[in-house]
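The structure under discussion appears below in the form of C-alpha cells.
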Amino acid sequence: MRTRFVAAVTVLLVVVGMVCLDMRPVHAGEQPSVSGFKVLEPIRHGSLTVFPIVAQKTYATGEFMTLDEGLRSGDVVVTEYGNVRGLMRRHHTPVMQHESGAEVNRLVLINNSKRPLLLLAGEIVTGGKQDRVIGKDRIVPPESDPVDLSVFCVEPGRWVATSGHFGASGTTYASGGASVHGAVPGTLMAQPSVRAKAMGDKDQSQVWAEVRKQQQSMTVEVAGAAPLASRDEIQSTSSYARVMENKDVKQKVDEIAAPIEHNYESLIKQLRDRKAVGVVVAVNGRIIWADLFASTELLEKYWPKLVRSYASEAVVTRAKGGEASLAQAEKFLADMEGRRETIESEPGVYRHTEVNGDGFKAFALTSLLPKTGFDVHVAKMAE
C-alpha cells in the first residue's frame, strides 16, 4: 500500500506504504490514494466496533520475535538505565557503561537471541523502580549491545525497585494467542488514549495525567458491582498495570473483549487466505485507531492484547454516538495526507516515520534488515 502525505512547505509527497516507504512528488490538486487493503464489515459488541482489514499482499515475518516471546524465553532483558555495566558484549567496543542511576524515561534492553526483536509503542513492562510503557515502535537487532529505550512511566507513585529486571504483567495468554487464565504471562498493551499520549504527545506529564484519568474512570465503572476491597485496591495503587489486572476490572473488560476476540480469531482463520492484517477501531460510534501488520501471523500474536486494550477504552468512554459505518472506516484508513513528517532510523535495522495530518497522526515502522524492506507495523490515531 502506498499512502501519500503532502508536506506543507515543500509540496513533496511522502508515501508511507503499508508495504514500503518511499518519497515521490505530488501534483497540485492530486488526492491521496489507497490500494492493496480492503476494510470488511464490522464486528460489534457493546460500544466497541472493529473493522477487519485484509491485504492483497503480506510478508514473511517469522524471523521477528515479540517482546512477550523474548521475556518468556529469557533472551530479552530489560533493566534500569543505571544497571548497564557488565552487560556489554566483549566483541564490541563498550558504548554505554553508565552508572548514574535509574531515570524515569530511560530503560535499557538487551536482545541476546539470534532473532530481531519487535517492540510496539504501548507495550508495558512491569518491575524495576516503576512500570513503563514503550513510547515508539522499533526493531532491536539480534545479539544486540544494550539499547537505550525511550519510555514513559505509567506508575507515578513508586520509585522503589521491586526487582532487578522488568517482566510481563499478570495477564496470561495461550501459546496460540487466545487469552486465558493460567497460561503463559504476557505484557499489557496500554489502551489507545494512553498509547496516544506516549506516541503522539511524547510528554511524561500528559501520560501520567491520562493514567490517573483512566484509573478514576475505571473505578467509577466497577463501583456498582465490585466489592469495597476491590474498589480500594484500584484507588490505592498508582500502577496502570495493577488496575488493569484487578479481578473486577478484568471481568468488565472481558465482557466486551471476549466476544470480539473470539469472533475475530474465527474470522482470522476464515480469512487466512485473504490475508487479514489488522483493524480499524471505533468506540461509541467514533473511529479512534487503526493497527496494521505485515502478516496475518503478526496480527495473531498481538491480537489478544490489542483487543483488550480497545475494550478497556470502550469501558471508560462515556460519550455516545451512532454506529460507525464501513464508509467511515474506509475513509479513516485512506486519509493519510500529512502536513509534517518526521523520520528516525537506525541504518540497516529500521526506519520509523511519524506523519501529522489534519485530525490524525500515523506511524510506520519499516524493517531495513536484509531481505525485508517492508512496513512491519503501521498505527494511526485520531486526534
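Taking the stretch 256-268 as the region of interest, how many residues are over 14 Å from residue 306 (Cα atoms) and in contact with a helix residue (DSSP H, G or I) (Cβ under 8 Å, 6 or more places away or on another chain)?
1
Identify all residues within the stretch 104-140 that are modelled with pLDDT under 90 and out of contact with any helix residue (DSSP H, G or I) (no Cβ under 8 Å at 6 or more places or on another chain); write none if there are none.
Initially, the stretch 104-140 is screened for residues modelled with pLDDT under 90, giving 104-108, 125-132.
Once the filter is applied, which keeps residues that are modelled with pLDDT under 90 and out of contact with any helix residue (DSSP H, G or I) (no Cβ under 8 Å at 6 or more places or on another chain), the stretch 104-140 yields 127, 128, 129, 130, 132.
Looking at 62, 29 in this structure, which one is at pLDDT below 90, part of a loop (DSSP other than H, G, I, E, B), small (Gly, Ala, Ser) and open to solvent by 20 Å² or more (accessible area, probe 1.4 Å)? If you could, list the steps in order and put the result at the bottom.
On the way: 62 fails: at pLDDT below 90.
Residue meeting the stated conditions: 29.
Here's the yes/no breakdown for (1) polar (S, T, N, Q); (2) open to solvent by less than 60 Å² (accessible area, probe 1.4 Å); (3) assigned to a loop (DSSP other than H, G, I, E, B):
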{"position": "248", "(1), (2), (3)": "no, yes, no"}
{"position": "255", "(1), (2), (3)": "no, no, no"}
{"position": "263", "(1), (2), (3)": "yes, no, no"}
{"position": "267", "(1), (2), (3)": "no, yes, no"}
{"position": "278", "(1), (2), (3)": "no, yes, no"}
{"position": "282", "(1), (2), (3)": "no, yes, no"}
{"position": "291", "(1), (2), (3)": "no, yes, no"}
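Looking at 300, 323, 330, can you tell me which residue is open to solvent by 30 Å² or more (accessible area, probe 1.4 Å), of a type outside the set (Phe, Trp, Tyr) and under 22 Å from residue 117 (Cβ atoms)? Step through it out loud before you land on a result.
Values: 323 fails: under 22 Å from residue 117 (Cβ atoms); 330 fails: under 22 Å from residue 117 (Cβ atoms).
Going through 300, 323, 330 in turn, the sole match is 300.
Going through the stretch 333-354 one residue at a time, which ones are among the hydroxyl-bearing types (Ser, Thr, Tyr) and either crowded, with 20+ Cβ neighbours inside 10 Å or at positive phi (or both)?
Taking the stretch 333-354 as the starting set, the residues that turn out to be among the hydroxyl-bearing types (Ser, Thr, Tyr) are 342, 345, 350, 353.
Matches in the stretch 333-354: 350, 353.
How many residues are touching a residue at least 60 places away in the same chain (Cβ under 8 Å) and either open to solvent by 10 Å² or more (accessible area, probe 1.4 Å) or of a type outside the set (Gly, Ala, Ser) (or both) when one looks only at the stretch 355-367? Break it down into steps so the answer makes sense when it comes.
Residues of the stretch 355-367 touching a residue at least 60 places away in the same chain (Cβ under 8 Å): 355, 357, 361-367.
Applying the additional criterion that residues be either open to solvent by 10 Å² or more (accessible area, probe 1.4 Å) or of a type outside the set (Gly, Ala, Ser) (or both) yields 355, 361, 363, 365-366.
Result for the stretch 355-367: 5.
Tally up the residues in the stretch 205-229 that are in a helix (DSSP H, G or I) and modelled with pLDDT under 90, please. Spell out how you get there, then give the answer.
Kept after step one, since they are in a helix (DSSP H, G or I), are these residues of the stretch 205-229: 205-223, 228-229.
Applying the additional criterion that residues be modelled with pLDDT under 90 yields 208, 211-223, 228-229.
Final tally of qualifying residues: 16.
Does residue 302 meet the test of being touching a Pro at 6+ places or on another chain (Cβ under 7 Å) and in contact (Cβ under 8 Å) with a residue 24 or more places away in the chain? Even if it seems obvious, please write down each step before you answer.
Details: touching a Pro at 6+ places or on another chain (Cβ under 7 Å): no; in contact (Cβ under 8 Å) with a residue 24 or more places away in the chain: yes.
Answer is no for this residue.
The values are calculated or read from the model by the stated rules, or taken from the named source; none is laboratory data. Note that this is a predicted model, so its numbers are computed, not measured. We place every Cβ from the backbone using ideal geometry, glycine too, and count neighbours over all the protein chains shown. What goes into the accessible areas is simple: the full protein's heavy atoms, side chains included, and nothing from ligands, DNA or RNA. Shrake-Rupley method; radii C 1.70, N 1.55, O 1.52, S 1.80 Å.
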